[in-house]
Amino acid sequence: MRFEVLVLGNSSATPIYERHPTAQVLNFNEQLFLIDCGEGTQMQMHRYGIKSNKISRIFISHLHGDHYLGLVGLLSSMNLTGRKSELHLHGPAPLLDILHLQFKHSDTTLRYNLVFHATNPDVEEVIMKSQMLTVRSFPLQHRVPTTGFRFDEGARAASLIPEKIGGMNIPTVFFQQLKKGVDCTDLDGTVYRAAELTKPAPASRSYAYCSDTRAFSGYMEAIEGVNLLYHETTFDHSFLERAVETFHSTSLEAAQVAVQAGVKRLLMGHYSARYKDLTPLLEEAKEVFDESVLSFEGNWYKV
Ligand SMILES: [Zn+2]
Ligand SMILES: [Zn+2]
């Protein structure tokens, strides 16, 4: 089952060196979610073959322009291209006022149902739950109310072992039960044991998104043990003072967070315009946490 994130933008604040403000597309089992929507997101989606009408949910972390100024344009384009399907939008409460104001003065009535869910910047919350996926928001520490997001895959199914079931004539109606670990008995009294006929389910995967934030202990539990942590790395550690002032993180700090939270891999981004070459950021992170990778626009990263 596919669980991957496409980086559409990895620049902080302003677009520079062909880098765009923050946006990511998460593909979970062919459901597409957009995480943040900086200016230029539509063009980036076009460039990397993401159809906007396939996006079913959008998550906005906070109301700094580099994380949502592409949103009104995207929602308007969805209207123009005849979107009919419902769209869920999760973000800070004032976002709804901003959208209403924009649509009011452009005399726009959306022809699709936009369902808004205000995030809570003060406590961790489950904001979406299905059998396959749970999404949580959790507080970050930034200059305006900001949340991170965590995506947890539900329990995965065991799989049948073809060499064992081949030639056994197991009634196919038993397959789902066996995958769930339930033994089955047919009308002749033959017992089919799940433990013998199936491979155990692989571990569930999880993705956490932290942009923008000071590195602090408050979100450690919320991101604990994820397979892939996206964490902003706006500065290298020689700019720690600037990071503290602007409520951002250094590359070194993000790597320390990755270690403390026991994550498997760190995906870096939200690079300051002062870095044309990103090597110093990567080297600093890798010294602390070897499983650190730079995000590049247009690349998919497996969760
Ligand atoms: Zn930002
Ligand atoms: Zn910000």
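Laboratory data are not the source of any read-out in this text; all were calculated from the coordinates shown. No experiment lies behind these values; they were computed from the predicted model shown. Heads up, the Cβs are rebuilt from the backbone with ideal geometry, glycines too, and the neighbour counts pull from every protein chain shown.
Miscellaneous remarks
- Gaussian network model of the chain, Cα within-10 Å springs - most flexible of PRO15, PRO121, PRO171: PRO171
- Long-range amide H partners of SER11 with built H, under 5 Å: HIS20, THR22, HIS270, TYR271
- The chain: most fluctuating residue of LEU228, LEU34, LEU74 per GNM, C-alpha cutoff 10 Å: LEU74
- The chain: angle of helix 251-260 to the longest principal axis, Cα-based, in degrees nearest 10: 30
- Which of PHE59, PHE138, PHE239, PHE216 has the fewest Cβ neighbours within 10 Å, and the rest in rising order: PHE216, PHE239, PHE138, PHE59
- Sorting GLU245, GLU39, GLU18 from the fewest to the most surrounding beta carbons within 10 angstrom yields GLU18, GLU245, GLU39.
- Residue-wise HN-Hα couplings along region 105-122, as the Karplus relation 6.51 cos²θ - 1.76 cosθ + 1.60 with θ = phi - 60° gives them from phi, are 7, 9, 6, 9, 10, 5, 8, 10, 8, 9, 9, 9, 10, 6, 7, 10, x, 9 Hz; Gly and Pro carry x.
- Total lysine pairs under 21 Å (Cα atoms) in the chain, excluding pairs fewer than 8 apart on one chain: 16
- Amide H contacts of PHE59 (H built 1.01 Å from N, in plane; Pro and chain starts excluded): LEU34, ILE35, ASP36, HIS90 sit under 5 Å, all sequence-distant by 5 or more or on other chains.
- Most mobile of LEU281, LEU252, LEU96 in a GNM of the chain (Cα contacts under 10 Å): LEU96
- Under a 5 Å amide H cut-off, with hydrogens placed 1.01 Å from N, ASP236 pairs with SER251 among residues at least 5 apart or on other chains.
- Ranked for footprinting exposure by Cβ neighbours inside 10 Å, fewest first, THR246, THR190, THR119 give THR190, THR246, THR119.
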